[in-house]
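Shown next, in C-alpha coordinates, is the structure this report addresses.
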Amino acid sequence: MILPKVRDPRLVTIRRGGELTDEDHRLLALWAADCADHVLHLFEVEQPADTRPREAIEAARAWAGGSVQMMDARARGGHAMGAARPLRGAARCAAYAAGQAACVPHVPEHDLGAAAYAIKAAQAAGTADPTGRLERDWQRERLPERIRELVLEDQARRDAICWSVFDD
(Lines give C-alpha, C1' and ligand atoms only; values in the text may rest on other atoms or scores of the structure.)
Protein backbone atom coordinates (compact mmCIF):
# COMPACT_ATOMS: atom_id res chain seq x y z
CA MET A 1 0.00 0.00 0.00
CA ILE A 2 1.56 3.27 -1.09
CA LEU A 3 -1.10 5.61 0.25
CA PRO A 4 -0.62 7.25 3.66
CA LYS A 5 -3.13 7.04 6.47
CA VAL A 6 -3.02 10.83 6.79
CA ARG A 7 -3.43 12.61 3.46
CA ASP A 8 -1.38 15.67 2.55
CA PRO A 9 -3.91 18.34 1.47
CA ARG A 10 -1.43 19.52 -1.16
CA LEU A 11 -2.02 16.17 -2.91
CA VAL A 12 -5.81 16.28 -2.70
CA THR A 13 -7.60 18.14 -5.47
CA ILE A 14 -9.33 21.41 -4.70
CA ARG A 15 -12.73 19.95 -5.64
CA ARG A 16 -12.23 17.31 -2.92
CA GLY A 17 -11.28 19.88 -0.29
CA GLY A 18 -7.52 19.92 -0.82
CA GLU A 19 -5.04 22.30 -2.40
CA LEU A 20 -3.95 20.53 -5.60
CA THR A 21 -4.78 22.47 -8.76
CA ASP A 22 -5.93 20.75 -11.93
CA GLU A 23 -2.75 21.89 -13.69
CA ASP A 24 -0.51 20.34 -11.04
CA HIS A 25 -2.64 17.18 -11.03
CA ARG A 26 -2.04 16.83 -14.78
CA LEU A 27 1.70 17.36 -14.28
CA LEU A 28 1.75 14.59 -11.65
CA ALA A 29 -0.02 12.24 -14.09
CA LEU A 30 2.40 13.04 -16.91
CA TRP A 31 5.43 12.57 -14.67
CA ALA A 32 4.07 9.26 -13.38
CA ALA A 33 3.46 8.12 -16.96
CA ASP A 34 7.05 9.01 -17.86
CA CYS A 35 8.35 7.03 -14.87
CA ALA A 36 6.31 3.97 -15.89
CA ASP A 37 7.16 4.31 -19.57
CA HIS A 38 10.87 4.37 -18.79
CA VAL A 39 10.76 0.76 -17.53
CA LEU A 40 7.89 -0.55 -19.67
CA HIS A 41 10.31 -2.44 -21.90
CA LEU A 42 11.01 -4.76 -18.95
CA PHE A 43 7.39 -5.92 -19.16
CA GLU A 44 7.14 -5.93 -22.94
CA VAL A 45 10.21 -8.16 -23.36
CA GLU A 46 8.52 -10.80 -21.22
CA GLN A 47 4.94 -10.26 -22.41
CA PRO A 48 5.14 -8.73 -25.91
CA ALA A 49 1.51 -9.45 -26.82
CA ASP A 50 0.02 -7.90 -23.68
CA THR A 51 -0.74 -4.23 -24.33
CA ARG A 52 -2.51 -3.46 -21.05
CA PRO A 53 0.38 -1.64 -19.34
CA ARG A 54 1.11 0.45 -22.45
CA GLU A 55 -2.58 1.31 -22.73
CA ALA A 56 -2.58 2.38 -19.08
CA ILE A 57 0.32 4.76 -19.65
CA GLU A 58 -1.38 6.14 -22.74
CA ALA A 59 -4.59 6.61 -20.74
CA ALA A 60 -2.75 8.60 -18.05
CA ARG A 61 -1.33 10.89 -20.72
CA ALA A 62 -4.67 11.15 -22.50
CA TRP A 63 -6.39 12.10 -19.24
CA ALA A 64 -3.80 14.83 -18.67
CA GLY A 65 -4.53 16.08 -22.18
CA GLY A 66 -8.26 16.09 -21.58
CA SER A 67 -9.25 13.35 -24.01
CA VAL A 68 -9.99 10.52 -21.53
CA GLN A 69 -12.25 10.52 -18.50
CA MET A 70 -10.83 9.72 -15.06
CA MET A 71 -12.84 6.49 -14.75
CA ASP A 72 -11.49 5.19 -18.06
CA ALA A 73 -7.90 5.92 -17.04
CA ARG A 74 -8.47 4.25 -13.68
CA ALA A 75 -9.97 1.18 -15.36
CA ARG A 76 -6.92 0.94 -17.63
CA GLY A 77 -4.78 1.08 -14.51
CA GLY A 78 -6.66 -1.86 -13.07
CA HIS A 79 -6.13 -3.83 -16.27
CA ALA A 80 -2.39 -3.13 -16.15
CA MET A 81 -2.25 -4.35 -12.56
CA GLY A 82 -4.11 -7.45 -13.70
CA ALA A 83 -1.32 -8.03 -16.20
CA ALA A 84 1.21 -7.74 -13.36
CA ARG A 85 -0.33 -10.20 -10.91
CA PRO A 86 0.78 -13.51 -12.43
CA LEU A 87 4.32 -12.27 -13.07
CA ARG A 88 7.42 -11.89 -10.93
CA GLY A 89 10.42 -9.60 -10.93
CA ALA A 90 11.03 -6.65 -13.21
CA ALA A 91 8.10 -7.35 -15.55
CA ARG A 92 5.65 -7.43 -12.66
CA CYS A 93 6.94 -4.17 -11.17
CA ALA A 94 6.92 -2.45 -14.57
CA ALA A 95 3.27 -3.40 -15.13
CA TYR A 96 2.37 -2.20 -11.64
CA ALA A 97 4.14 1.11 -12.39
CA ALA A 98 1.92 1.52 -15.45
CA GLY A 99 -1.18 0.69 -13.44
CA GLN A 100 -0.30 3.19 -10.74
CA ALA A 101 0.33 5.89 -13.36
CA ALA A 102 -3.13 5.39 -14.83
CA CYS A 103 -4.66 5.72 -11.35
CA VAL A 104 -3.15 9.18 -10.74
CA PRO A 105 -6.22 10.86 -12.30
CA HIS A 106 -8.32 9.21 -9.58
CA VAL A 107 -5.91 9.69 -6.65
CA PRO A 108 -2.93 12.00 -7.28
CA GLU A 109 -0.82 10.23 -4.65
CA HIS A 110 -0.49 7.22 -6.97
CA ASP A 111 2.27 9.20 -8.66
CA LEU A 112 4.73 7.84 -6.12
CA GLY A 113 3.40 4.34 -6.70
CA ALA A 114 4.33 4.63 -10.36
CA ALA A 115 7.77 6.00 -9.50
CA ALA A 116 8.44 3.47 -6.73
CA TYR A 117 7.38 0.49 -8.85
CA ALA A 118 9.56 1.77 -11.70
CA ILE A 119 12.53 1.88 -9.34
CA LYS A 120 11.68 -1.62 -8.10
CA ALA A 121 11.55 -2.79 -11.74
CA ALA A 122 15.00 -1.33 -12.38
CA GLN A 123 16.33 -3.01 -9.23
CA ALA A 124 14.83 -6.36 -10.23
CA ALA A 125 16.17 -6.15 -13.78
CA GLY A 126 19.63 -7.15 -12.61
CA THR A 127 21.30 -4.15 -14.19
CA ALA A 128 24.28 -2.20 -12.96
CA ASP A 129 21.84 -0.25 -10.77
CA PRO A 130 20.86 -2.71 -8.01
CA THR A 131 20.01 0.12 -5.61
CA GLY A 132 17.71 1.87 -8.08
CA ARG A 133 19.48 5.19 -7.53
CA LEU A 134 20.07 5.78 -11.24
CA GLU A 135 16.37 5.26 -11.95
CA ARG A 136 15.38 7.52 -9.03
CA ASP A 137 17.74 10.23 -10.23
CA TRP A 138 16.46 9.89 -13.81
CA GLN A 139 12.93 10.40 -12.49
CA ARG A 140 13.90 13.41 -10.43
CA GLU A 141 15.59 15.05 -13.41
CA ARG A 142 12.26 14.91 -15.24
CA LEU A 143 10.17 16.45 -12.48
CA PRO A 144 8.52 19.63 -13.72
CA GLU A 145 9.78 22.57 -11.67
CA ARG A 146 6.22 23.50 -10.72
CA ILE A 147 5.71 20.23 -8.77
CA ARG A 148 9.31 19.38 -7.92
CA GLU A 149 9.29 20.49 -4.28
CA LEU A 150 5.90 18.87 -3.65
CA VAL A 151 7.02 15.49 -5.02
CA LEU A 152 10.40 15.52 -3.28
CA GLU A 153 8.77 16.35 0.07
CA ASP A 154 6.21 13.61 -0.52
CA GLN A 155 8.98 11.14 -1.34
CA ALA A 156 10.68 11.94 1.95
CA ARG A 157 7.38 11.66 3.84
CA ARG A 158 6.24 8.38 2.27
CA ASP A 159 9.59 6.70 1.63
CA ALA A 160 9.04 4.07 4.33
CA ILE A 161 5.78 2.87 2.78
CA CYS A 162 7.37 2.94 -0.70
CA TRP A 163 10.03 0.34 0.16
CA SER A 164 12.59 3.07 0.98
CA VAL A 165 13.40 3.53 -2.70
CA PHE A 166 13.54 7.32 -2.53
CA ASP A 167 15.96 7.85 0.35
CA ASP A 168 19.29 9.47 -0.30
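The values are calculated or read from the model by the stated rules, or taken from the named source; none is laboratory data. Being a predicted model, the structure only gives us computed values, none of them experimental. These accessible areas exclude ligands, DNA and RNA; they are computed on the full protein's heavy atoms, side chains included. Shrake-Rupley method; radii C 1.70, N 1.55, O 1.52, S 1.80 Å.
For the reader, a short list of remarks on this structure follows.
- Within the accessible surface of the chain, defined with a 1.4 Å probe on protein heavy atoms only, the carbon and sulfur portion equals 52 percent.
- Residues of the chain: accessible area per residue with a 1.4 Å probe, Å²: 47 Å²
- Here is the size of the stretch 82-168 from its Cα atoms: Rg then Dmax, 12.5, 37 Å.
- For the stretch 105-153, the Kirkwood hydrodynamic radius from C-alpha pairs, put into Stokes-Einstein at 10 °C and a viscosity of 1.306 mPa s, yields a diffusion coefficient of 137 µm² per second.
- Rounded to the nearest Hz, the phi-derived 3J(HN,Hα) couplings of the stretch 6-15 under the Karplus curve 6.51 cos²θ - 1.76 cosθ + 1.60 (θ = phi - 60°) are 10, 7, 7, x, 6, 10, 10, 5, 4, 5, where x marks glycine and proline.
- Whole-number Å³ per residue for the convex hull built on Cα positions in the chain: 99 Å³
- For the stretch 74-121: span of alpha carbons on each principal axis (Å, largest first): 26, 21, 8
- Distant-in-sequence amide H partners of L20 (H built 1.01 Å from N, under 5 Å): V12, T13, I14
- Accessible surface, 1.4 Å probe, highest first, among residues K5, K120: K5, K120
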